[in-house]
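A short write-up of the structure that comes next.
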Amino acid sequence: MARSSLRSIDRQVMLGFGVTLAILIGVMAYARARVIAVDVATEWVDHTHRVIETIAAVRTQVADAQVGQRAYLLTGDRGQLAPYRAAVRGVDTSLAQLHALMAGDAVQQRRLDTVQALSYEVLAELGKLTEVAETRGRGVAVGAMRGESDSLVRQFQAATARMSAGERKLLVERAERQVRERQAARIAVVIGAIIIFFLAIAAAVRVRSALEVRARAEAERDAHATALALQSREVEAQNQELVAQGEALRRATDQAESANAAKSVFLAQMSHELRTPLNSVIGFANIVRRNPRGVLNATELTYLERIAENGQQLLHTINSILDLSKIEAEQESVELEMVSLDAVVRDVLAQLEPQAAVGGVEVLAELPAPLAAVVTDTEKLRRVLINLVANAVKFTRPGGRVVVRVETGARSPTTPVAISVEDTGIGIAPDRLALIFEAFEQGDVGVNREYGGTGLGLSISRALCRLLQCELTVSSTVGTGSVFRVALPLDGALASLPTADLTRRRSLSS
């Protein structure tokens, strides 16, 4: 009876593991199919981006040709025709690429044929202007250029605009399909993980039941053994039978223990695998917060906002610690390039304006003219300014203001360029100024309780400034405000952009 029960439970346990394995394989197969669908959608999105970029390249090449031709007609310098010659060579290549990329789209192919014809007409017309300038004078050529040439250029720009609009429409559709495929893949993984988790729990319950049956059978065997010791040979024979049953029970025990060990390993692996979908909670909370169908009430939305905010706060803290660790371990590299300070400052303020608006703080930028450029790492400089401006906004009460000011000196390469962040906030006590750049330190013991934060932002900013060979300093008055100043080492890198380059940029963007 006990042996039959053990076999039955063993079959049930094996069946449970078999079902779990089958479901796991099914979930993995479905998830793989979703991943493939995501890859296909991503390839189409990338394809559309390449088409848009190539259309822009054709437009730019024709614009370069027009700019070069105008410069030649105005100056008489044949060297100004270099952009026109380069455009003549480059347009054919770009149009061939577009034909290959749009091979399956009949509508866009027709538009491309129009663009190709117009581009050749524009380039041919510009070539004729050179001949007119050489035979009849540059003044006559300039007049001709303002006539039919400009008309052809406008037609060409309109045709390329229609092509770009068609591709952007396709880009929106393909991006939406990509998002849907990603959501389906994530949902499949989460649902599969939950199903497997509960199946694993069910298997553990069955194994525990088998162990309880074994314990009861062993107790019965011991009782029979005591009675058989007082019996005759017949009882001894029965005792031998019970011994045999005991051996069978021990084998069942070994099998049950092996199954239990396998269950433990399975659960350990599954707990690791479940961390990945659980890390998606923040992302899914943000998706549900959008409440597109209006099915959530205000309380539920508040809960979702708290989940998302707490998750983002934790993520921000972890990222800050990792950033600081990477910098201290000298794993951060510097990528130098010419940087427009005007663009960096405006980008930082645009990113932090919502935070400032919520706190009732006005953020302003005082930028010099003409625009200055400096050689540095754009991303790291932006991170420094984001930390400084975010701190200034956080510690400024409603009605206050934060001013980001770019200071430039003369054109001498030894004259420093500085960016200062000035606020009308609570200020920092003199005895705390030397400590605020240390990790996990803030201006006052009670600041963390009132304003929150980890005290890592200024530490990271100081480390990044040292990496960029900048100097970060602070001056502050309690109750009046603070000024953080980043002095950038120019080493001859600060200069106004050349007038020719500026003129060309304006022409290409028109």
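The values are calculated or read from the model by the stated rules, or taken from the named source; none is laboratory data. Not measured: the values here are computed from a predicted model. Cβ placement follows ideal geometry from the backbone for every residue including glycine, while neighbour counts extend to all protein chains displayed.
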Inset, instruction - Mind listing whichever residues of segment 16-37 are at pLDDT 70 or above and within 30 Å of GLY246 (Cβ to Cβ)? - result: GLY18
Inset, instruction - Say whether the condition of being crowded, with 18+ Cβ neighbours inside 10 Å, of a type outside the set (Ser, Thr, Tyr), at pLDDT below 90 and closer than 27 Å to LEU367 by Cβ is met by at least one residue in segment 474-483. - result: no
Inset, instruction - Residues being under 17 Å from LEU388 (Cα atoms), at pLDDT 75 or above, in a loop (DSSP other than H, G, I, E, B) and among the small types (Gly, Ala, Ser): count how many of those fall in segment 408-463. - result: 3
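One line per residue, one yes/no per condition, for (1) surrounded by 13 or more Cβ atoms within 10 Å (Cβ to Cβ); (2) at pLDDT below 75:
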| residue | (1), (2) |
| --- | --- |
| GLY147 | no, yes |
| GLN155 | yes, no |
| THR160 | yes, no |
| LEU171 | yes, no |
| ARG174 | yes, no |
| GLN178 | yes, no |
| ALA184 | yes, no |
| ALA188 | yes, yes |
| ILE191 | yes, no |
Legend entry - Test set (1) in the same structural domain as ALA63 (by TED's automatic domain parsing); (2) over 26 Å from ALA124 (Cβ atoms); (3) without any contact (Cβ under 8 Å) to a residue 24 or more places away in the chain - PHE198 fails condition number: (1)
